[in-house]
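See structure below.
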There are 2 protein chains.
Amino acid sequence: MAFSFTVRSTDGAARLGEFQTPHGVVQAPTFMPVGTQGVVKATRHRDLEEAGAEIILGNTYHLLLRPGDELIARRGGLHRFIGWNRPILTDSGGFQVFSLAQRRVITDEGAEFQSHLDGSRYLLTPERATDIQSRLGSDIAMVLDECLAFPATHEAAAASMTRSIQWAQRCRRRLLELQAGPVAGVTVTNPGQAQFGIVQGGVFQDLRDESAGATVDIGFEGYAMGGLSVGEPIDQMYAVVGDTVGRLPPDAPRYLMGAGTPDDLVECVARGVDMFDCVLPTRNARNGQLFTSEGRINIRNARYAEDDSPLDPRCGCYTCRHHSRAYLRHLYMAGEMTAGALNTLHNLSYYLDTMRRIRDAIAFRTFDRFRLDFFRSASRLSLDS
Amino acid sequence: MAFSFTVRSTDGAARLGEFQTPHGVVQAPTFMPVGTQGVVKATRHRDLEEAGAEIILGNTYHLLLRPGDELIARRGGLHRFIGWNRPILTDSGGFQVFSLAQRRVITDEGAEFQSHLDGSRYLLTPERATDIQSRLGSDIAMVLDECLAFPATHEAAAASMTRSIQWAQRCRRRLLELQAGPVAGVTVTNPGQAQFGIVQGGVFQDLRDESAGATVDIGFEGYAMGGLSVGEPIDQMYAVVGDTVGRLPPDAPRYLMGAGTPDDLVECVARGVDMFDCVLPTRNARNGQLFTSEGRINIRNARYAEDDSPLDPRCGCYTCRHHSRAYLRHLYMAGEMTAGALNTLHNLSYYLDTMRRIRDAIAFRTFDRFRLDFFRSASRLSLDS
């Protein structure tokens, strides 16, 4: 089955949609748990299915380094290697090259860097990023883009944006070559793979507009906004998202990369975003930071030592159905890895439930009301500040 | 429901039995996964149920130190605190005092020691060990015994055995006091709790015989063999078990503490043992050491990097149904905690399946044949030596 996206209904700028992918259907707006190394940390795949995840994200940088894209291709692609049969999106590796790799040298050709694991050298070009994702066989591949640090000058942002457009053109060209016929040395493990372009330009709306126009001119199955949620004021991020969405074709999916908080999900759906990914629910869970309908909880806090109530009385996840705050605090304080597993299952359930409620609200055209209620609710507060 | 034990049938010295406990029925011979700190490491309770665990073990020493027996009593006992509704056996804390605690001083009164966590001081007497387990509310409590190091002289083993018998008398007396009526400061969270005595005496059969006789004279709901599987030659352990079982009443359950390998389970069932516990399946799993019907596997070994077969083709656990050796190796090498979880689920499934096969063999009076097949099978070999 080829990739397609259909907007089923709208409520203001918010959209209810549906992706068709070679590995099944995804309801939008959707949140993608981050499966960095071929697993969403501290979960088993069935936890994700139980929490309602319809698509996960894999990190090309990590998988390239370990166990290697060629090994994964020999296994038949990432889905078969990890035993996850639902859709997968892979990033291009660019973000980790800029945030994690050592001794990186960026030229127009691409990014040369050393592995943060063992110092071995890699060259990631737009063509290689496309080839690697072709071997991984994700349902949605991303173009290689340059990730700009925040803050950046207009000049630096412009130069970086221009380079990213050139890279996007090369990524698209390479994908079309791979689709046209066998390319020596590149195994295409998922012929129905889609490819998304990425709009860059920092917080400068003129650059974002130019980037959006050029990226749409190249033509992709979907469009992402990159280089946001990297330290800029939150209102600035919302403004850039709102303006940029208006430059993108209404019939294509829109993906805000690396965001965000539950607030960000609601606010950006309100501006027309269809897809999100973020390590926040999973990373926070492993640190004992939990999202609940009554506010955020730091489970290490002594006030929970004798608290027999569930983490979140409104949550139906395994953790909330079976365990008390007192027990979860004990597991965390005792250093038990089960703490990370139970907390992750809860936080992902909270995020994915929020997405479900968002979709329901759009379907019933009550999204404005939902948004207002959400921001009035206790869920935004910290109970342990 | 009070505690009882019924032998349903026998095959040679091997016994098929059934425990009734306040938290339900357990089929014997049984293996108890070790839930040190109120959780079997790297599992969720539903994993244990799925693997077929009918009873788990909790460590009094660890729970006393953190989160504390009084906190657990205020939650209604260990079952309610951890959300596990099936039977639990607790040890007395003695073994960890002897193996883990700091600056311990042992007198006839009891064991004074410092916590390995923060150096705080504790006094564990037979009465306190009984009180603590009364607060925890396990279905089976163990008497406090002195754990002898191996090797020990006959003189040292005799003195230690004698002290353990005195402690066992005090434990039993205290339990009867607690059962007779309220004792200030001690909450009895499980009135149907049973108490097992422990036969000591090192590897000296005359001391074991004396200890067994004295322990049976005191009178307990069941009898354990302690101080074995501590470094003595394996044939010596089997010999002590075989001889000691003959000194125990045929209608009471027999528990070999801290054992063992799959071989040990089969060999000691053959000698009339009904219960086992051991950290081997769970600890080995977290270290990548896996038990399979084809032999033991060290999943770190490079030979598994591109092995698409399941860990054990004869195993029906979640790990074996969904994942390849190649993926499990990747997760382990990448340091993902999911590796520990998937490996633990498999190793426990292997152990508990072995116990099921043992029970079937006794039921069909084919245990001798099973034992022979088991020792001829590949399951005892290491594939990575």
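Data overview
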{"read-out": "Given (1) of a type outside the set (S, T, N, Q); (2) open to solvent by less than 30 Å² (accessible area, probe 1.4 Å); (3) within 14 Å of another protein chain (Cβ to nearest Cβ); (4) over 20 Å from the mean Cα position of the chain (by Cα), index of the condition residue B:136 fails", "value": "(4)"}
{"read-out": "Single residue of the range A:1-19 satisfying the filter (closer than 30 Å to residue B:326 by Cβ and open to solvent by 10 Å² or more (accessible area, probe 1.4 Å)) that is nearest to the chain's Cα centre (by Cα)", "value": "A:3"}
{"read-out": "Scan of the range A:211-225 for residues that are within 15 Å of residue A:241 (Cβ to Cβ) and over 20 Å from the mean Cα position of the chain (by Cα), ordered by number", "value": "A:211"}
{"read-out": "Helices (runs of 4 or more DSSP H) wholly inside the range B:314-379 containing at least 3 residues that are in contact (Cβ under 8 Å) with a residue 40 or more places away in the chain", "value": "B:337-363, B:367-376"}
{"read-out": "Residue within the range A:234-243 that is touching an Asp or Glu at 6+ places or on another chain (Cβ under 8 Å), among the hydroxyl-bearing types (Ser, Thr, Tyr) and without any contact (Cβ under 8 Å) to a residue 40 or more places away in the chain present", "value": "yes"}
{"read-out": "Single unsatisfied condition, residue B:64 versus (1) in contact (Cβ under 8 Å) with a residue 24 or more places away in the chain; (2) at the interface with chain A (Cβ under 9 Å from one of its Cβ atoms); (3) of a type in the set (A, V, I, L, M)", "value": "(2)"}
{"read-out": "Residue match in the range B:178-192 (condition: within 26 Å of residue B:348 (Cα to Cα) and surrounded by fewer than 24 Cβ atoms within 10 Å (Cβ to Cβ))", "value": "no"}
{"read-out": "Residues satisfying the stated conditions in the range B:358-385, i.e. surrounded by 15 or more Cβ atoms within 10 Å (Cβ to Cβ) and at pLDDT 95 or above", "value": "B:358, B:359, B:361, B:362, B:367, B:370, B:371"}
{"read-out": "Cβ pairs under 6 Å, 6+ apart, first in the range A:1-22 and over 30 Å from residue A:77 (Cβ atoms) and among the hydroxyl-bearing types (Ser, Thr, Tyr), second open to solvent by less than 50 Å² (accessible area, probe 1.4 Å) and assigned to a strand (DSSP E or B)", "value": "A:9/A:16"}
{"read-out": "Residues satisfying the stated conditions in the range A:34-50, i.e. among the charged types (D, E, K, R), in contact (Cβ under 8 Å) with a residue 24 or more places away in the chain and open to solvent by 10 Å² or more (accessible area, probe 1.4 Å)", "value": "A:41, A:49, A:50"}
{"read-out": "Pick from the range B:89-112, criterion more than 22 Å from residue B:20 (Cβ to Cβ) and of a type in the set (S, T, N, Q), ranking: surrounded by the most Cβ atoms within 10 Å (Cβ to Cβ)", "value": "B:92"}
{"read-out": "Selection status of residue A:326, open to solvent by 10 Å² or more (accessible area, probe 1.4 Å), out of contact with any helix residue (DSSP H, G or I) (no Cβ under 6 Å at 6 or more places or on another chain), within 14 Å of another protein chain (Cβ to nearest Cβ) and closer than 28 Å to residue B:40 by Cα", "value": "no"}
{"read-out": "Residues being touching a residue at least 24 places away in the same chain (Cβ under 8 Å) and more than 12 Å from every other protein chain (Cβ to nearest Cβ) - total across the range B:290-313", "value": "15"}
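Yes or no, residue by residue, for (1) among the small types (Gly, Ala, Ser); (2) surrounded by fewer than 16 Cβ atoms within 10 Å (Cβ to Cβ):
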| site | (1), (2) |
| --- | --- |
| A:60 | no, no |
| A:63 | no, no |
| A:69 | no, no |
| A:74 | no, no |
| A:114 | no, yes |
| A:132 | no, no |
| A:159 | yes, yes |
| A:173 | no, yes |
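The values are calculated or read from the model by the stated rules, or taken from the named source; none is laboratory data. Small disclaimer: the values here were computed from a predicted structure and weren't measured. Glycine also receives a Cβ, built like all others from the backbone with ideal geometry; neighbour counts cover every protein chain displayed. Remember, those area values only see protein heavy atoms, side chains included, never the ligands or the DNA or RNA. Shrake-Rupley method; radii C 1.70, N 1.55, O 1.52, S 1.80 Å.
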